[in-house]
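Take a look at the structure set out below.
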Amino acid sequence: MPQTLSQFGEFPLIDFLKKQTFRKNKDVLEGIGDDTAVVSYTNDKYLLLTTDMLIEGVHFKKSMDAFYIGHKALACSISDIAAMGGMPKYALISIGLPAGLDVAFVKKIYEGMNQLAKMFGVNIVGGDTVKGNKIIINVSLTGEVKKKNLVRRSTAKLGDNIYVTGALGRSYINGGHLTFIPRINDSQYLIKHIKPTAMIDISDGLVADLRHVAKASRLKARLDQSRIPRTKNATISHALYDGEDFELLFTASAYKDEKLMRAQTRGIAFFKIGEMIAGRGGEVDMIDTNGKIKKVLKKGYIHF
Ligand code: ADP
Ligand code: MG
């Protein structure tokens with residue numbers, strides 16, 4: 001019996017592709033499996049590589065503001081660079097467009113992209129344009145990170161605290177998924193002053209992305225329900241499982257907590273939401289508001 005992608009699942013598919021295609025080479029520090037690939041570059045820096053695709057009807061609707069569709073397309077990739085502790089550099093933009101689309105719509109997409117590119121010093125250096133029956137935008141982005149500043153998903157330590165950089169949930173409803181500013185400033189503060197042990201950006205949802213960190217770090221993660229910051233009208237379930245918050249989720253040694261809390265006055269915010277504990281690698285649970293340990297669901301934004 002043929003198996004469909006939805007029966008097989010997105011992550012098993014990526015694991016399969018990883019086994020099929022990825023060959024570890026000494027110049028490749030991180031291939032498939034982190035927010036960006038990490039490869040050899042200069043004496044003191046690594047090159048970061050990431051690509052993200054947005055499709056009409058899946059990641060945005062045509063009725064949404066084209067400026068922010070462009071903004072989001074680039075912001076998603078910058079967010080992945082931030083999650084590694086890096087700074088974005090060069091972008092290639094490939095677009096698929098229906099022949100009947102208003103030219104002004106495309107111009108707006110690029111205005112949104114350009115504004116964000118300027119904000120973070122990204123240079124758009126090329127791309128590709130093709131006809132399609134839906135709007136498709138693919139952004140490939142490079143970045144740089146000082147070797148000593150690289151932060152991976154797989155290096156959280158037992159007893160570390162877990163933090164997020166902002167409120168979670170309902171980003172698709174409140175528009176946050178379109179207008180968010182990637183957390184480069186928070187990331188730069190963290191690598192300079194805190195040295196987080198692991199980091200990821202929240203694209204699939206808090207629990208789903210925390211599970212990636214826990215699995216890669218071979219630890220269990222325990223959330224504290226009462227501490228999870230939520231956006232307006234978001235329930236705990238929205239905060240745990242909605243995707244596309246694009247906040248950073250990171251772990252840091254418990255003794256850094258005081259310094260992190262002091263940093264709150266500098267226009268960036270850090271919220272302690274749990275800790276890394278011993279247990280089955282990749283497991284996530286939560287202390288509820290009555291102090292009881294509760295299971296969390298295996299859900300989040302998964303394509304198939
Ligand atoms: P993110 O949400 O951080 O962008 P994804 O969940 O999309 O990350 O991808 C997880 C990892 O799998 C990344 O390292 C990514 O490069 C890799 N990956 C995803 N899709 C493919 C594919 N079709 N071929 C090869 N690698 C892939
Ligand atoms: Mg990511």
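Count the DSSP beta bridges whose two residues both fall in the chain, then state the antiparallel fraction as a percent rounded to the nearest 5. Taking every DSSP beta bridge within the chain, about 75 percent pair in antiparallel fashion. Overall, the ratio between the Cα radius of gyration of the chain and 2.2 N^0.38 Å, rounded to two decimals, is 0.99. The share of accessible area on the chain that comes from carbon and sulfur is 53 percent, using a 1.4 angstrom probe.
Charges were assigned to the Cβ only: +1 to each Lys and Arg, -1 to each Asp and Glu. The resulting dipole of the chain about its Cα centre is roughly 660 debye. When the listed pairs 62/299; 18/89; 157/294; 24/108; 134/215; 259/292 are checked against a 31 Å cut-off, the alpha-carbon distance exceeds it for 24/108; 134/215. Of the chymotrypsin sites (Phe, Trp or Tyr not before Pro) found in the range 1-93, those in coil by DSSP whose Cβ has at most 13 other Cβ atoms within 10 Å are 22.
In a fully extended conformation the segment linking residue 8 and residue 124 would gain 38.1 nm over its present Cα-Cα distance, using 0.36 nm per residue. For 177, 238, 59, 193, the ranking by accessible surface with the largest value first comes to 193, 238, 59, 177, using a 1.4 Å probe. Shown here are the Rg and Dmax of the Cα trace of the range 105-184, at 17.2, 52 Å.
Once you list every other residue whose beta carbon is under 13 Å from the beta carbon of residue 94, what net charge do they have if Lys and Arg are +1 and Asp and Glu are -1?
Around residue 94, the charge tally is -1.
Computed with the Debye formula from one identical point scatterer per Cα of the range 14-120, without solvent, the log10 of I(q)/I(0) at q = 0.21 Å⁻¹ comes to -1.12.
For the range 3-67, the list of GluC sites (Glu not before Pro) that fall in a loop by DSSP and count at most 13 other C-beta atoms within 10 angstrom is empty. For the range 161-295, the calculated P(r), taken from all Cα-Cα distances in 10 Å bins from zero up to the bin holding the longest distance, is 13, 46, 36, 6 percent. Of the trypsin sites (Lys or Arg not before Pro) found in the range 25-129, those that fall in a DSSP loop while having at most 12 other beta-carbon atoms within 10 Å are 26, 61. The angle separating the long axis of helix 184-193 from the principal Cα axis of greatest extent in the chain is about 40 degrees. Centre-to-centre, using Cα atoms only, the range 110-136 and the range 28-60 are separated by 17 Å. At a probe radius of 1.4 angstrom, the accessible area of the chain per residue rounds to 50 square angstrom. Restricting attention to the range 5-149, close to 70% of DSSP beta bridges with both partner residues there are antiparallel.
Subtracting the Cα-Cα distance of residue 157 and residue 254 from 0.36 nm times their residue separation leaves 33.9 nm of extension gain.
The values are calculated or read from the model by the stated rules, or taken from the named source; none is laboratory data. Please read these numbers as outputs of a predicted model, since none were measured by experiment. Cβ coordinates were reconstructed from backbone atoms using ideal geometry, including for glycine residues, and neighbour counts include every protein chain displayed. SASA here: full protein model, heavy atoms, side chains in, ligands and nucleic acids out. Shrake-Rupley method; radii C 1.70, N 1.55, O 1.52, S 1.80 Å.
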